[in-house]
Amino acid sequence: MEQQLAKLQTNTIAAIGKTKTINDLKDLEVNILGRKGKLTEILKGVKDLTAEQKPTIGKLANEIKTTLENEFEQKAKKFKLIELEKQLLEEKIDVTEPGIKAAFGHVHPLSQVQKEVEDIFNSMGFSVMDGPEVESEYYNFESLNIPADHPARDMQDTFFIKQAPHKEHGHLVLRTHTSPVQIRTMEASGAPLRIIVPGRVFRYEATDATHDATFDQVEGLMIDKDISLSHLKGVLTEFLSRLFDYQVKIRFRPGYFPFVEPGLEVDFSCRFCAGSGCRVCKKTGWIEFMGAGMVHPNVLKAGGIDSEKYQGWAFGFGLTRLVMMRYNINDIRHLYNGDLRFIKQF
Ligand code: PHE
């Protein structure tokens, strides 16, 4: 039996060495040390041994059992290590792989162009002014020479705020243009003045591809001694040529706005056909751009400026339209509905 046991030990150790997988090892273990395993099988013969033999063999059998258990454990550990190594290899992190980009916002196309406009006018000595979007009827209309019964009020129908009217300044309205800031700045700073006023304005208007109830304008105002329309022409030629990056020509046509006299419509030469006429300028060679004119004496008076000493011009153009022209945007609503698929293109 001693020999049997010794043989079992050598054979089992050899077999353990040959196992290729943890499952093979487990099977082998059951086969040798399990309840119906080979060791148990051999030990069944113990009952036939003599009384002296029994303790020696019993001791030997226990030793072999411990040795084998140990061998199985060692080999199992090896398998686990190999498994772990494999896992680690598979799980490797490639630090050179590109990361996940953080989502950054960026400046809205309207604000981008507004900034360019401000920079150009700044460089010509104009300050950028601001004013309230909720205005009084007085600043939006009366002070600008548009009395209550004036038909020009119909051209700029607006939204009224539900609130009892102020004694002198009338109802509160959403401003229909940036022109009220002309009066506010005259009141606050007096002459001379060189300002532009970019800002949001509102009209009671049906929405379509080229009209929205909300849009953006830029007002311009220059007041000093001996100011004439030639200064306006010079400033606008410089402004548009720099903004659009080609030598722009300016054309004045008569126009009517109650707060200027004479009043003008200002066009500039079409970039696409250089004046010869194309689809963009509707075959005229000119793009209609804005209203302007010499500030009406009544407006200077409302602003507290002596119209005998000072005169000046004002203009107002649609920043929204400028952005649409700049980027060839065919629907104004894209600029105000906050759709990221649109915004991300700028
Ligand atoms: N406020 C006018 C408008 O919104 C534009 C304008 C401004 C015209 C200044 C003349 C002078 O239509």
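The values are calculated or read from the model by the stated rules, or taken from the named source; none is laboratory data. Since this is a predicted model, take the numbers as computed values, not measurements. Cβ sites come from the backbone with ideal geometry, for glycine too, and all protein chains shown count toward neighbours. What goes into the accessible areas is simple: the full protein's heavy atoms, side chains included, and nothing from ligands, DNA or RNA. Shrake-Rupley method; radii C 1.70, N 1.55, O 1.52, S 1.80 Å.
Points worth noting:
- Relative contact order of segment 261-346: 21 percent, from C-alpha pairs under 8 Å at least 6 residues apart in sequence.
- Exposure ranking of T21, T237, T96, T185 by accessible area [1.4 Å probe, largest first]: T96, T21, T237, T185
- Near the amide H of V173, within less than 5 Å, lie the amide hydrogens of E135, S136, E137, I161, all on another chain or at least 5 residues away, with H placed in the peptide plane.
- Between segment 53-102 and segment 118-152, the alpha-carbon center distance in angstrom: 83 Å
- Note: the chain, Cα convex hull, 296 Å³ per residue.
- Loop-resident GluC sites (Glu not before Pro) (DSSP state other than H, G, I, E or B) in segment 238-346 with no more than 16 further Cβ atoms inside 10 Å of their Cβ: E308.
- Accessible surface ranking for Y327, Y204, 1.4 angstrom probe, highest first: Y204, Y327.
- Surrounding net charge for S111, when Lys and Arg each add one and Asp and Glu each subtract one, Cβ distance under 11 Å: -2
- Relative contact order %, the chain, counting alpha carbon pairs below 8 Å whose residues are six or more apart: 14 percent
- Magnitude of the charge dipole for the chain, about its Cα centre and with charges confined to Cβ atoms of Lys, Arg (+1) and Asp, Glu (-1), is about 1820 debye.
- Whole-Hz Karplus values for segment 305-313 come out as 10, 6, 6, 7, 8, 10, 8, x, 10 Hz, taken residue by residue from phi with 6.51 cos²θ - 1.76 cosθ + 1.60 and θ = phi - 60°; glycine and proline positions read x.
- Only protein heavy atoms count here; on that basis, with a 1.4 Å probe, L28 has an accessible area of about 30 Å².
- Amide H within-cut-off set for I227, under 5 Å, with H built and near neighbours excluded: Q311
- Value in Å of the Kirkwood radius, where segment 90-146 supplies the Cα pairs that are averaged: 16.9 Å
- Y310 sits with roughly 40 Å² accessible to a 1.4 Å probe, with DNA, RNA and ligands left out of the calculation.
- Based on protein heavy atoms only, segment 2-90 ends up with 76 Å² per residue of surface accessible to a 1.4 Å probe.
- Given charges at beta-carbon only (K, R positive; D, E negative), |dipole| of segment 87-188 in Debye: 240 debye
- Calculated [θ] (222 nm, deg cm²/dmol) that DSSP helices of n ≥ 4 give over the chain, each run adding -39,500 (n - 2.57): -12500 deg cm²/dmol
- When only Cα pairs below 8 angstrom with a gap of at least 6 residues are kept, segment 2-90 shows a relative contact order of 37 percent.
- Share of carbon and sulfur in the accessible heavy-atom surface of segment 8-109 [1.4 Å probe, %]: 57 percent
- Close amide-amide hydrogen proximity is noted between W286 and C270, each under 5 Å apart and 5 or more residues distant or on a separate chain (H modeled in the peptide plane; Pro and chain starts excluded).
- Sparsely packed chymotrypsin sites (Phe, Trp or Tyr not before Pro) within segment 257-300, loop by DSSP, other Cβ within 10 Å at most 15: F272
- Coil-residue trypsin sites (Lys or Arg not before Pro) of segment 7-38, DSSP, other Cβ within 10 Å capped at 11: K20, R35, K36
- Percentage, to the nearest whole number, of Cα pairs in segment 68-197 over 26 Å apart: 58 percent
- Per-residue Karplus couplings for segment 178-190, computed as 6.51 cos²θ - 1.76 cosθ + 1.60 with θ equal to phi - 60°, are listed in order as 8, 4, x, 5, 4, 5, 4, 6, 4, 4, 7, 10, x Hz, Gly and Pro entered as x.
- S228 contributes an accessible area of around 40 Å² to the protein surface, as traced by a 1.4 Å probe with all chains present.
- Pairwise Cα separations in segment 2-90 fall into 5 Å bins from 0 onward with the following percentages, short to long: 3, 13, 23, 21, 14, 10, 7, 5, 3, 2, 1, 0.
- Lysines with Cα under 25 Å of K18, excluding same-chain neighbours fewer than 8 positions away: K7, K26, K36, K38, K65, K75, K77, K78, K80, K86
- The phi-based Karplus calculation (6.51 cos²θ - 1.76 cosθ + 1.60; θ = phi - 60°) puts the 3J(HN,Hα) values of segment 262-278 at x, x, 9, 10, 10, 10, 10, 5, 5, 6, 7, 10, 6, x, 7, x, 8 Hz, whole numbers, x for Gly and Pro.
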